[in-house]
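Here the structure comes first, spelled out in structure tokens, and everything after it is commentary.
The values are calculated or read from the model by the stated rules, or taken from the named source; none is laboratory data. Here the structure is a predicted model, which means the values were calculated and not measured. Quick reminder, even Gly has a Cβ in these numbers, built from the backbone with ideal geometry, and neighbours come from all protein chains shown. These accessible areas exclude ligands, DNA and RNA; they are computed on the full protein's heavy atoms, side chains included. Shrake-Rupley method; radii C 1.70, N 1.55, O 1.52, S 1.80 Å.
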Amino acid sequence: MVEFFKRKAANSKDDILSGLTVSLALVPEAVAFAFVAGVDPLVGLYAAFMIGLITSVFGGRPGMISGATGALAVVMVSLVKDGNQMGLDMIEPIQNMGLNYLFATVVLAGVIQFLAGIFKFGKFVRLIPHPVMMGFVNGLAIVIFMSQLGMFTHKIDGESVWLIGSALYTMIGLVVLTMGIMYLLPKITTKVPAALAAILTVSAIAIFGGLDVSTVGSFIRDGGGSGLKGGLPTFQSQLFTMVPLNLETIKFILPYASIIAAIGLIESLMTLNLLDEITETRGNGNRECMAQGAANIVTGFFGGMGGCAMIGQSLINVKSGGRGRLSGIIAALTLLAFILFASPLIEQVPIAALVGVMFMVVIGTFAWATFGIMNKIPRTDAFVIILVTGLTVMFDLAIAVLAGVIVSALVFAWQDAKRIRARKSVREDGTKVYEIWGPLFFGSITTFNSKFDVHGDPQDVEIDFIESRVADHSGIEAISNLVDKYENAGKSIKLKHLSADCITLLQRADSRFNAVIIRDIDDPRYYVVTDKVKIG
């Protein structure tokens with residue numbers, strides 16, 4: 001019992017410290033994504049707080065961090081812009097109407113995500129092939145790296161200009177120092193999260209050394225924000241008064257809501273899958289879908305921009321020792337404390353320290369083993385890895401993953417289609433027997449049909465499916481057409497070792513199949529993926 005409480009205390013300490021670390025890394029990310037979406041920084045920070053808290057408490061993956069993300073912010077840019085224009089086109093023009101449409105869209109996206117969890121769509125993430133996962137993490141690592149390069153710029157007359165001279169060297173020096181502390185400290189002690197120690201050390205050097213460097217505060221002001229300080233999130237009652245509840249509104253926000261819901265779920269479930277591998281535990285995808293949906297519904301009603309799982313912050317959390325729900329709760333509550341009470345202190349944190357942390361996340365995220373296995377795995381798998389990586393960088397995660405899954409599925413279907421075989425033999429009574437081996441489905445029916453010589457075969461033919469499996473409606477249709485060909489040629493054909501499901505479908509199409517099917521005690525048992533169909 002004593003040992004149990006000691007372990008719980010140690011785990012709680014790790015969760016608290018890692019939560020504090022993550023909260024610091026959340027600030028510039030949430031602010032940057034809010035700027036990308038064209039909304040106030042507090043809209044991004046409120047989203048990070050509310051989504052992070054709700055998913056940490058109710059989500060399907062302890063230790064996973066959620067908040068405002070760049071993948072969703074990109075979608076929201078045109079939503080806010082078009083929404084503002086719709087507000088100006090109203091009979092009584094309304095300024096900044098895009099923000100209200102954004103909140104309504106986030107609520108609808110949350111409803112879609114919650115329904116995905118109710119109908120248990122989360123389980124389909126386990127169908128994602130490993131090459132797609134590798135491409136996903138590699139692409140995401142590159143995206144995170146590229147997003148940090150913008151931190152090496154500053155504003156001059158409203159234009160972003162690259163740092164030069166001493167400003168650049170100071171920035172690089174602090175970034176390298178942060179990375180060095182994160183690399184070396186775990187070799188000395190693991191009692192303090194390396195990322196937290198690095199941020200605090202570099203912040204102290206910059207503040208007490210009087211270094212003229214970019215800070216969280218200057219980053220917010222350069223983007224047009226006024227600072228981190230704010231109050232508690234408030235209920236957005238204007239959603240019921242200013243957003244028209246009509247078909248036109250639904251037609252406008254539904255496409256955006258569907259895209260946001262899809263990207264959010266894919267990124268969340270992929271991150272969940274990755275953390276499952278790292279922690280050697282198993283999360284609940286359907287529960288995560290419902291938690292993400294509920295979080296987006298709440299954040300939409302309380303003035304947040306919506307969000308999903310954040311792979312960078314999740315990896316920081318897990319690698320800092322945060323494995324329980326407490327870590328995410330602490331990160332969310334600490335972020336709220338920053339907004340309410342500690343904004344002047346957090347605004348002094350150098351951007352270089354946070355960039356260094358994210359660069360270490362990039363190094364830890366990228367699957368470096370990719371370079372060693374590219375010549376050892378099938379070319380199709382290598383192509384999928386490169387494809388998903390490239391699409392993630394050029395477009396977004398949803399497109400990349402869907403494309404990777406489709407290509408992998410087509411390759412699998414093509415490979416399986418080539419496995420259909422027919423062993424031929426002739427009995428003493430002159431009956432020709434075709435023993436079919438391999439799956440019979442939409443991809444293999446052409447090869448299947450080529451195995452038979454209807455006109456050259458003897459009067460009696462038997463087809464044995466004991467080593468085959470009829471997988472879908474296309475397979476049933478191929479069998480039906482083959483029977484028609486033999487009967488039209490005036491020959492007798494028998495079908496043997498079909499499953500009960502196949503027999504039922506054939507009999508439903510035409511009662512004449514009763515005469516050609518041979519039932520046996522060793523008939524296989526499996527189901528055919530098909531709806532109620534009429535064959536012929």
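Points worth noting:
- Selection status of L335, open to solvent by less than 20 Å² (accessible area, probe 1.4 Å), modelled with pLDDT of 90 or more and either outside any helix (DSSP H, G or I) or farther than 30 Å from R469 by Cα (or both): yes
- Scope the stretch 82-99; condition over 14 Å from A37 (Cβ atoms) and within 31 Å of the chain's Cα centre (by Cα); matching residues: M97
- Residue match in the stretch 187-205 (condition: β-branched (V, I, T) and either assigned to a strand (DSSP E or B) or closer than 30 Å to I266 by Cβ (or both)): no
- Within the span defined as the stretch 97-110, every residue fails to be surrounded by fewer than 18 Cβ atoms within 10 Å (Cβ to Cβ) and in contact (Cβ under 8 Å) with a residue 24 or more places away in the chain.
- Any hit, the stretch 262-281, residues being polar (S, T, N, Q), open to solvent by 40 Å² or more (accessible area, probe 1.4 Å) and in a helix (DSSP H, G or I): no
- Members of the stretch 457-474 that are under 43 Å from the mean Cα position of the chain (by Cα), among the β-branched types (V, I, T) and either buried (at least 18 other Cβ atoms within 10 Å of the Cβ) or within 21 Å of N488 (Cβ to Cβ) (or both): V470
- From L333, L326, L315, residue being closer than 18 Å to I16 by Cα and within 18 Å of the chain's Cα centre (by Cα): L315
- Only one entry of V454, V401 meets the criterion of being in contact with a helix residue (DSSP H, G or I) (Cβ under 7 Å, 6 or more places away or on another chain) and surrounded by 19 or more Cβ atoms within 10 Å (Cβ to Cβ), and that entry is V401.
- Within the stretch 72-87, the set of residues being open to solvent by less than 30 Å² (accessible area, probe 1.4 Å) and either within 21 Å of Q292 (Cα to Cα) or outside any helix (DSSP H, G or I) (or both) comprises L72, A73, V75, M76, L79.
- Test: residue in the stretch 308-321 that is open to solvent by 10 Å² or more (accessible area, probe 1.4 Å) and farther than 21 Å from P28 by Cα: yes
- Of all residues in the stretch 413-446 being surrounded by fewer than 18 Cβ atoms within 10 Å (Cβ to Cβ) and under 37 Å from the mean Cα position of the chain (by Cα), the one that is modelled with the highest pLDDT: T446
- Flag for F114 being open to solvent by 60 Å² or more (accessible area, probe 1.4 Å), under 21 Å from R287 (Cβ atoms), without any contact (Cβ under 8 Å) to a residue 24 or more places away in the chain and not small (G, A, S): no
- Residues of the stretch 488-508 that turn out to be touching a helix residue (DSSP H, G or I) at 6+ places or on another chain (Cβ under 8 Å), in contact (Cβ under 8 Å) with a residue 24 or more places away in the chain and either surrounded by fewer than 18 Cβ atoms within 10 Å (Cβ to Cβ) or in a strand (DSSP E or B) (or both), as a count: 3
- Conditions (1) at pLDDT 90 or above; (2) under 18 Å from the mean Cα position of the chain (by Cα): number failed by I259: (1)
- For A309, the conditions (1) out of contact with any Asp or Glu (no Cβ under 9 Å at 6 or more places or on another chain); (2) closer than 16 Å to A109 by Cα all hold with the exception of (1).
- Criterion applied to T153, T105, T69 was being touching a Ser or Thr at 6+ places or on another chain (Cβ under 8 Å) and within 23 Å of E29 (Cβ to Cβ), and the one residue passing it is T153.
- Residue selection: S511 fails the criterion of being surrounded by 16 or more Cβ atoms within 10 Å (Cβ to Cβ) and among the small types (G, A, S).
- Across the stretch 229-252, a minimum of one residue is classified as within 30 Å of H154 (Cβ to Cβ) and surrounded by 14 or more Cβ atoms within 10 Å (Cβ to Cβ).
- Of all residues making up the stretch 364-402, the number that are in contact (Cβ under 8 Å) with a residue 24 or more places away in the chain, assigned to a helix (DSSP H, G or I) and under 30 Å from I172 (Cβ atoms): 8
- The residues in the stretch 206-217 that are of a type outside the set (G, A, S), without any contact (Cβ under 8 Å) to a residue 60 or more places away in the chain and either in a loop (DSSP other than H, G, I, E, B) or buried (at least 19 other Cβ atoms within 10 Å of the Cβ) (or both) can be counted, and the count is 1.
- A single entry from D453, D520 fulfils the requirement of being part of a loop (DSSP other than H, G, I, E, B) and under 30 Å from W414 (Cβ atoms): D453.
- Test: V461 is within 23 Å of G430 (Cβ to Cβ), touching a Lys or Arg at 6+ places or on another chain (Cβ under 6 Å), assigned to a loop (DSSP other than H, G, I, E, B) and at pLDDT 85 or above: no
- Among (1) open to solvent by 10 Å² or more (accessible area, probe 1.4 Å); (2) in a helix (DSSP H, G or I) - the single one G293 does not satisfy: (1)
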